[in-house]
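The values are calculated or read from the model by the stated rules, or taken from the named source; none is laboratory data. All figures in this text were calculated on a predicted structure; none of them were measured in a lab. Here Cβ is always computed from backbone atoms with ideal geometry, including for glycine, and neighbour counts include all displayed protein chains.
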């Protein structure tokens, strides 16, 4: 395995009873990479990430993480992993300082008081260190959680929808921290539903109903989707926009119709068929123009494909 590849797995499969949650996952992830996982709720994202890190034993498949076998050496992987859950999991009735020092002692770190001080300074938590963790805003709880999850200098971070319910400014600050960690060689596996966050990942995987449907950079995923997208705006007429959307949805060549404010984005895999479908509507008050397909259109298209593939 190349030295820059820290996760290399093939055919990872996980079932709970009769239900297969992840089916034959193949994946390689590089050192210092921010790897995003997208997909509907219950699609197998978190299960996939936990298997990749050796935190959950697969029923089938093979591979390595940080040079250790994910099945037979999972215990050796865990000390090198930092885990941050969506739900705030620290002690709300302890102060910021107490939470950090308590965790440092649980990890058995040398000089836990110094490690606590370093964490507080690194994460900018100084003004809040004597404040109860439960009284922090969502953004500062998130920053505290990230600081605690990196106390033991992990090589791999597992972040499970870490910014859910956090305001845009705090989310941006969080991602700046993640990119700073990646620049230091720390790899991050992140599940998210936010398109702007997905676009900040180095690479992405889309998982639905246990199957990996697409992976690559944002540019690669948009190119592989091979969607053509046209846009039309209707000023001050929401009813007209809705009526146009409903008229376009069933037409051959139209795979997707999505409203963005007073604009419709209409996408299809066959550019000729799409333009033929739109031709009767290519007249006033409609003015169509071509736009670049966005990651959100790709995400919606993959979601529709995965639903259509259900038996």
Selection over region 184-226 where residues are surrounded by fewer than 20 Cβ atoms within 10 Å (Cβ to Cβ), assigned to a loop (DSSP other than H, G, I, E, B) and in contact with a strand residue (DSSP E or B) (Cβ under 8 Å, 6 or more places away or on another chain) yields a count of 4
If you check 271, 243, which single one turns out to be surrounded by fewer than 15 Cβ atoms within 10 Å (Cβ to Cβ) and not assigned by TED's automatic domain parsing to the domain that holds residue 49?
243
Kindly evaluate residue 96 against the criterion of being under 29 Å from residue 121 (Cβ atoms) and either without any contact (Cβ under 8 Å) to a residue 24 or more places away in the chain or touching a helix residue (DSSP H, G or I) at 6+ places or on another chain (Cβ under 9 Å) (or both).
yes
One residue is enough: does region 50-66 have a residue meeting the conditions touching a helix residue (DSSP H, G or I) at 6+ places or on another chain (Cβ under 8 Å), modelled with pLDDT under 95, more than 20 Å from residue 191 (Cα to Cα) and surrounded by fewer than 18 Cβ atoms within 10 Å (Cβ to Cβ)?
no
Search result, residues across region 100-137 that are modelled with pLDDT of 95 or more, buried (at least 20 other Cβ atoms within 10 Å of the Cβ) and within 19 Å of residue 83 (Cα to Cα)
100, 101, 103, 104, 115, 116, 119, 120, 133
For region 227-276 the number of residues that are within 12 Å of residue 297 (Cα to Cα) and part of a loop (DSSP other than H, G, I, E, B) is 3
Out of everything in region 138-165 that is surrounded by fewer than 20 Cβ atoms within 10 Å (Cβ to Cβ) and closer than 20 Å to residue 199 by Cα, what residue ends up being modelled with the highest pLDDT?
160
When region 21-47 is checked residue by residue, the ones that are closer than 21 Å to residue 179 by Cα and in a strand (DSSP E or B) are 28, 29, 30, 34, 35, 36, 37, 38
Exclusive hit being touching a residue at least 24 places away in the same chain (Cβ under 8 Å) and under 14 Å from the mean Cα position of the chain (by Cα), set 146, 204, 248, 156:
204
Give region 77-97 a look and list any residue that's assigned to a loop (DSSP other than H, G, I, E, B) and either buried (at least 18 other Cβ atoms within 10 Å of the Cβ) or in contact with a strand residue (DSSP E or B) (Cβ under 8 Å, 6 or more places away or on another chain) (or both), or say none.
85, 86, 90, 92, 93, 94
Give me the residue from region 277-307 that is touching a residue at least 40 places away in the same chain (Cβ under 8 Å) and assigned to a loop (DSSP other than H, G, I, E, B) and, out of that set, farthest from residue 199 (Cα to Cα).
285
Could you grab me the full set of residues in region 282-301 that are out of contact with any helix residue (DSSP H, G or I) (no Cβ under 7 Å at 6 or more places or on another chain) and farther than 30 Å from residue 38 by Cα?
282, 283, 284, 285, 286, 287
Matching residues in region 246-257 - criterion: being touching a strand residue (DSSP E or B) at 6+ places or on another chain (Cβ under 7 Å) and either surrounded by fewer than 16 Cβ atoms within 10 Å (Cβ to Cβ) or in the same structural domain as residue 200 (by TED's automatic domain parsing) (or both):
249
